[in-house]
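Here is the structure we will look at.
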Amino acid sequence: MTPPREASQPRKPWGGRFAGATAELMERFNASIGFDHKLLHVDIAGSKVYARALVRAGLLTQEEGEQILAGLERVCDELSGPEHVFAAALEDIHMAVETRLIELIGPVGGKLHTGRSRNDQVNLDERLFVRGAVGATVGRIRHLQQVLVDSGAAHIDTIMPGYTHLQQAQPILFAHYALSLFWALERDTGRLADAAKRADFMPLGSGALAGSAFPLDRQFMAAELGFSAVTPNSLDAVSDRDFLLEILAALSILLTHLSRYCEDLIIWSSAEFAFVELDDAYSTGSSMMPQKKNPDSLELVRGKTGRVFGDLLSLLTAMKGLGLSYGKDLQEDKEPVFDAFATADDCLDVFASAWSTMTVKVERMAAAIDPATLATELADFLVERGVPFRDGHHVVGAVVRAATQSGRRLTELTLADLQQHHEAFDEEILSRLDPRASLARRNLPGGTGPDAVRAQLVQAREILAAAASA
Ligand code: ARG
């Protein structure tokens with residue numbers, strides 16, 4: 001005797017095998033509908049093309065196909081309404097769509113899943129989702145790159161100390177600093193596009209793991225869904241989440257970039273540096289200390305970077321122990337991906353706004369340049385006079401030490417002082433001991449000299465123009 005099902009429980013699509021009802025705890029634990037409802041639109045798009053493939057294969061009549069297509073449209077409208085609440089008993093978005101379809105159009109709706117498994121279905125949905133999400137994130141990166149180009153153009157004359165080891169190293173242009181992030185972001189767009197290429201294979205027809213037994217035209221489905229090719233192995237297709245891992249890695253690297261610039265700007269907005277001041281709109285105060293203005297926007301971007309690393313690590317960990325092909329562990333792949341995209345998108349928007357509204361304290365930056373950062377100029381000068389660089393470096397080290405010991409800055413030394421260290425110094429060196437002269441000598445492509453930075457701006461603008469027209 002079959003025990004009666006609880007009245008509240010809808011019939012499960014897989015329920016035939018089961019005599020007993022699912023425990024409520026298990027139902028909640030098993031359900032992914034709480035998050036995979038985000039896949040509604042891509043799931044419907046995939047099902048529509050699948051229905052058309054079933055018609056082409058003679059598994060649905062033309063009329064049945066049309067009924068299913070119209071039904072799917074209605075399901076989509078209904079389920080995407082803001083007031084719609086998904087019941088956990090429906091398990092996931094695939095079952096929620098199918099259940100509602102059958103409610104609306106009757107048993108013919110039950111033909112849609114012919115030759116398909118949720119294993120190839122969810123894999124398709126994720127590939128389609130990733131395509132859209134990557135496009136949106138790259139759009140945000142482009143916006144930030146434009147902010148950086150504008151900032152660089154506005155600060156083509158702004159000089160500042162450049163740092164290594166957080167010690168003043170050599171003077172640079174602030175525009176050079178701004179554009180340094182432009183190029184890092186350019187690599188990020190490349191990594192995301194590359195991951196999207198790996199997602200560009202159409203898995204339908206793979207079934208649960210062994211391929212479908214019906215004569216589905218996979219090339220047709222690939223073309224209709226905008227894929228370049230079909231997956232070449234059904235086992236690999238339903239098991240593959242590489243494209244998600246690659247995206248999580250790419251987003252982690254992107255966030256690492258933002259985080260490093262946040263770190264600089266946080267330090268630079270301290271009273272000790274005061275190179276920049278964030279706008280009130282992107283700062284917050286202290287509940288206790290009335291004087292505080294904290295760079296919380298940047299600190300949060302830095303903090304959320306760790307969260308995206310966590311997303312990558314959680315999926316890597318879920319995958320590593322999983323033999324082929326599908327295991328329910330794979331249901332855990334969605335939340336990290338959704339979270340990483342949402343976090344990265346917010347971070348990009350906040351960072352771009354914080355940057356575009358911050359005040360760059362031009363005089364303060366220039367005044368902070370320690371003349372000792374011009375020591376390389378002295379060594380380079382000696383090189384021009386035929387002194388081997390290593391010897392010149394040693395001589396200038398002694399010059400710096402002598403200046404420090406006598407309490408003078410490098411630029412306060414006289415020509416006679418310098419000549420005591422090396423007879424090759426002549427009056428020309430005095431004009432070299434100026435940050436702008438140092439910059440002007442660094443116009444090699446990629447350097448911080450004003451001409452080289454202007455060339456970078458041209459190149460960066462070309463990239464943005466090409467991306468906008470692509
Ligand atoms: N909700 C499932 C997931 O996200 C869909 C695939 C279920 N497949 C299965 N064989 N139970 O992974």
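Quick notes on this one:
- Shape of the range 250-339, Cα gyration tensor, a/c cut at 1.5: prolate
- One compactness figure for the range 357-470 is 1.38, namely its Cα radius of gyration divided by 2.2 N^0.38 Å.
- Potential lengthening between Ala208 and Ser431 on full extension [0.36 nm per residue; Cα-Cα distance subtracted]: 72.7 nm
- Our summary of shape: the Cα atoms of the range 312-404 have principal axis extents of 71, 39, 24 Å, ordered from largest down, in whole angstrom.
- Distance between the 7 Å Cα→Cβ label points at Ala136 and Arg454: 4.2 nm.
- Estimated translational D of the range 418-470 in µm²/s (Stokes, Kirkwood radius over Cα pairs; 37 °C; 0.692 mPa s): 242
- Cβ-Cβ distance of Ala88 and Gln62, R₀ of 45 Å, FRET efficiency by 1/(1 + (r/R0)^6): the value works out to about 0.75.
- Working note: Karplus 6.51/-1.76/1.60 with θ = phi - 60° gives the range 227-233 the couplings 9, 7, 7, 9, 5, x, 8 Hz, where Gly and Pro are set to x.
- Between Ser80 and Ala154, the modelled labels are 3.8 nm apart [label points 7 Å from Cα along Cα→Cβ].
- Label point distance in nm, Leu464-Asp200, each placed 7 Å from Cα along Cα→Cβ: 2.6
- The packing ranking, built from the mean of other Cβ atoms within 10 Å per residue, places the peptides 297-307, 431-441 in the order 297-307, 431-441, highest first.
- Percent accessible area from carbon and sulfur atoms, the range 189-277, protein chains only, probe 1.4 Å: 55
- Charged neighbours of Ala169, selected by a Cβ distance under 15 Å, balance to -3 (K, R count +1; D, E count -1).
- Entries in Lys197/Lys361; Lys292/Lys334; Lys12/Lys197; Lys38/Lys111 that, when Cα-Cα distance is taken, lie over 32 Å: Lys197/Lys361; Lys292/Lys334; Lys12/Lys197
- With the gyration tensor restricted to C-alpha atoms of the range 45-138, the semi-axes of the equivalent ellipsoid amount to 22, 18, 13 Å, longest first.
- Counting DSSP beta bridges with both ends in the chain, the antiparallel % (nearest 5): 80
- Relative to its Kirkwood radius, the Cα radius of gyration of the range 107-197 gives an Rg/Rh of 1.35.
- Between 0 and 90°, nearest 10: helix 242-268 axis offset from the chain longest Cα axis: 30
- Each peptide among 122-134, 210-222, 281-293 gets the average number of other Cβ atoms lying within 10 Å of its residues, and from highest to lowest they stand as 122-134, 210-222, 281-293.
- Residue-averaged [θ]222 nm for the chain, counting only DSSP H segments that reach four residues, each worth -39500 (n - 2.57): -19500 deg cm²/dmol
- The calculated FRET efficiency for the pair Lys292 and Glu263, based on their C-beta separation and a Förster distance of 22 Å, comes to about 0.70.
- To the nearest ten degrees, helix 93-105 and the longest principal axis of the Cα atoms of the chain are 40 degrees apart.
- For the chain, the spherically averaged projection of the C-alpha convex hull amounts to 31.3 nm².
- Computed over the range 145-219, the P(r) curve from all C-alpha pair distances, binned at 10 Å from the origin, holds 16, 24, 19, 12, 11, 12, 6 percent per bin.
The values are calculated or read from the model by the stated rules, or taken from the named source; none is laboratory data. Only a predicted model underlies this, so the values are computations on that prediction, with no experimental measurement involved. For neighbour counting, all protein chains shown are included, and Cβ atoms are generated from backbone atoms with ideal geometry for every residue, glycine included. Quick note on the areas: whole protein, heavy atoms, side chains included, nothing else; ligands and nucleic acids left out. Shrake-Rupley method; radii C 1.70, N 1.55, O 1.52, S 1.80 Å.
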